[in-house]
1. For the chain, take the longest principal axis of its alpha carbons; what is the angle in degrees between that and the long axis of helix 89-116, to the nearest 10 within 0 to 90?
2. Under a Cβ-Cβ cut-off of 13 Å, what is the net charge of the residues other than residue 138 that fall near it, where Lys and Arg count +1 and Asp and Glu count -1?
3. Multiplying the sequence separation of residue 246 and residue 138 by 0.36 nm and subtracting their Cα-Cα distance, what value in nm do you get?
4. When only Cα pairs under 8 Å and 6 or more residues apart are kept, what is the percent relative contact order across the chain?
5. Pairing the Cα long axis of helix 260-286 with the longest principal axis of the chain, what angle in degrees results, from 0 to 90 and rounded to the nearest 10?
6. Over the stretch 30-136, calculate the relative contact order: mean separation of alpha carbon pairs under 8 Å at least 6 apart, over the residue count, as a percent.
7. Using alpha carbon centroids, what distance separates the stretch 31-60 and the stretch 268-314, in Å?
8. Note down the net charge around residue 316, summing +1 for each Lys or Arg and -1 for each Asp or Glu among other residues with Cβ under 9 Å from its Cβ.
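Derivation of every value follows stated rules applied to the coordinates shown; laboratory data play no part. Being a predicted model, the structure only gives us computed values, none of them experimental. Note that each Cβ is placed from the backbone with ideal geometry, even for glycine, and that neighbours are counted across all protein chains shown.
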Amino acid sequence: MSTTLPTRAATTPAGSPMLLPPPVRWHGPLIALAIGMVVLGVVATIGLLVDQRELVGAPVWAKPLKFAISIAIYAVTWAWLIGQLTRFRRTAWWAGTVIAATLAIETVLMVLQTVRGHRSHFNQANPFDEAVWSIMGTSIAVLWIATLVAAVLLWFTPLADRARSLAIRLGAALCLVGLGLGFLMTMPLPAQLDDYEGIIGAHTVGADDGGSGLLLLGWSTEHGDLRIPHFIGMHALQVLPLALLLIELAARRVAVLADVRVRVGLVWTTFAIYGAVMALVTWQALRGQSIMLPDAATLLGGAAIVGVALIGIGLSLRQGAAARR
């Protein structure tokens, strides 16, 4: 499956070209995974309507629906990124195929446990559940390694202009960190060690999983939740390139943004802000604090991030204005 796009320059107000992306060959296995996730999303939505069972305080089909949406976005993004590579294509194809295979394995096992009405993650209550979680855990570790390989390849092959290349590469780097933060959830809680009931690991910090959560997302509204930094980090892969796209659209009306050096500076600023937010919500979650109930220290950290963001944006724009003069 491939598409051919013309490679020409789009002229900005200042005459600085912003190149269109090179021709893309979409990664077939990842696109197939994304299609499968769309199908699962439909099935999970029907399940929410007809299956009234609950698991850990939430509708039993809520988790498959959330995973289907997230994995579909993740798969399409990597299918596009891998398709843009002009070097190391065979290695990148295999890395993408491993990403697709590991996510498919994890999803199939999660749906199996959903149908059975058993927890999929952290569950070691009996030999079968333990085997399922062991396979899922191994798949997640292999997924991280395959994503690392794909991310490294992005740094060693030419992409579009400097700003676009940087946004893609930094987004992939933050995505790796976000994936890695998921391993924090597998750590046993003291209460689980003191009174073992077949569950080792949790999303929630400061209480058992299953309390009140945000609508749709399910993040705890009363305690810390490690799914938040995990989610934010994973989707840096989409957010940083999309942020640059918005900057490029704004360059049609704001002349200073036409300078690629300004766009590069803004990409670095966006990276710093995003990474700082991810660190802040990780720290907040590890302290057992709900995203809805920030204390003074968390608010101070947020204010510092806003201040640094304004300084970074100001310096980038000032550099562009000075260059124009």
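1. So the inclination is approximately 30 degrees.
2. Its environment carries a net charge of -2.
3. Value of the extension gain: 35.1 nm.
4. 16
5. Roughly 20 degrees, rounded to the nearest 10.
6. 27
7. Measuring centre to centre over Cα atoms gives 33 Å.
8. Computed value for this residue: +3.
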